[in-house]
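> What follows is a structure written as structure tokens; I'll ask about it next.
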């Protein structure tokens, strides 16, 4: 596991959130993509929606990263909640192929950053796996909030949860931009631009 985090003491203004602190990546020669792990309780409501949100943001920013979602206490193989699928569909995001996955140590071993929904999740993870303490954060950290489970709520509750997940995910993009390689397509575009300028 590469040790990528160097957190500066002072606040730094960013486009996404005025209180976010700058993260700098320690050079990594492994060649593998940055891995973001998103976890909730059962991996059927919050974390599947968060996975699709992060995948969209990462694609829009043309970054090389892998997003995986898991459930801390759930089962493997359950379908995403119907209301979560409905909300994703209304946002143009597919829920196809999403099935719940129970957390295993291998997920933690490969994760560079672990984002959870509640302080209870964070405390449980660190207690069970002390080695992830420096990599485990609340998804709502920069907003100063937890993201409550909409499991027994109605469609409006799921929509509100999605909106909060999206807002929270955007506050992490500064960190991801600092720690993810640009995509091959973006590098090709940049190289083409540089060649054009040199002509």
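The values are calculated or read from the model by the stated rules, or taken from the named source; none is laboratory data. None of the values given here were measured: they were computed from a predicted structure. Note that each Cβ is placed from the backbone with ideal geometry, even for glycine, and that neighbours are counted across all protein chains shown.
> What number of residues within region 70-93 are under 22 Å from residue 141 (Cβ atoms) and not in a loop (DSSP other than H, G, I, E, B)?
Let us first name the residues in region 70-93 that are under 22 Å from residue 141 (Cβ atoms), namely 70-73.
Those still in the list that are not in a loop (DSSP other than H, G, I, E, B) too: 70-71.
Result for region 70-93: 2.
Per-residue answers, yes or no, for (1) under 18 Å from residue 164 (Cα atoms); (2) touching a helix residue (DSSP H, G or I) at 6+ places or on another chain (Cβ under 8 Å); (3) modelled with pLDDT of 95 or more:
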position	(1), (2), (3)
36	no, yes, yes
57	yes, yes, yes
73	no, no, no
95	no, yes, no
102	no, no, yes
112	no, yes, yes
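> I need the full set of residues from region 111-130 which are out of contact with any strand residue (DSSP E or B) (no Cβ under 8 Å at 6 or more places or on another chain), part of a helix (DSSP H, G or I) and surrounded by 12 or more Cβ atoms within 10 Å (Cβ to Cβ), in order please.
120, 123, 124, 128 - these are the residues of region 111-130 that are out of contact with any strand residue (DSSP E or B) (no Cβ under 8 Å at 6 or more places or on another chain), part of a helix (DSSP H, G or I) and surrounded by 12 or more Cβ atoms within 10 Å (Cβ to Cβ).
> So residue 133 passes all but one of these: (1) in a helix (DSSP H, G or I); (2) more than 21 Å from residue 34 (Cβ to Cβ); (3) free of Cβ contacts under 8 Å to residues at least 12 places away in the same chain. Which condition number does it fail?
Going through the list (1) in a helix (DSSP H, G or I); (2) more than 21 Å from residue 34 (Cβ to Cβ); (3) free of Cβ contacts under 8 Å to residues at least 12 places away in the same chain, residue 133 breaks only (2).
> Of the residues 157, 167, only one is under 16 Å from the mean Cα position of the chain (by Cα) and either modelled with pLDDT of 95 or more or surrounded by 13 or more Cβ atoms within 10 Å (Cβ to Cβ) (or both); which?
167
> Go through the residues of region 94-110 one by one and say whether even a single one is in a strand (DSSP E or B), surrounded by fewer than 21 Cβ atoms within 10 Å (Cβ to Cβ) and touching a strand residue (DSSP E or B) at 6+ places or on another chain (Cβ under 9 Å).
yes
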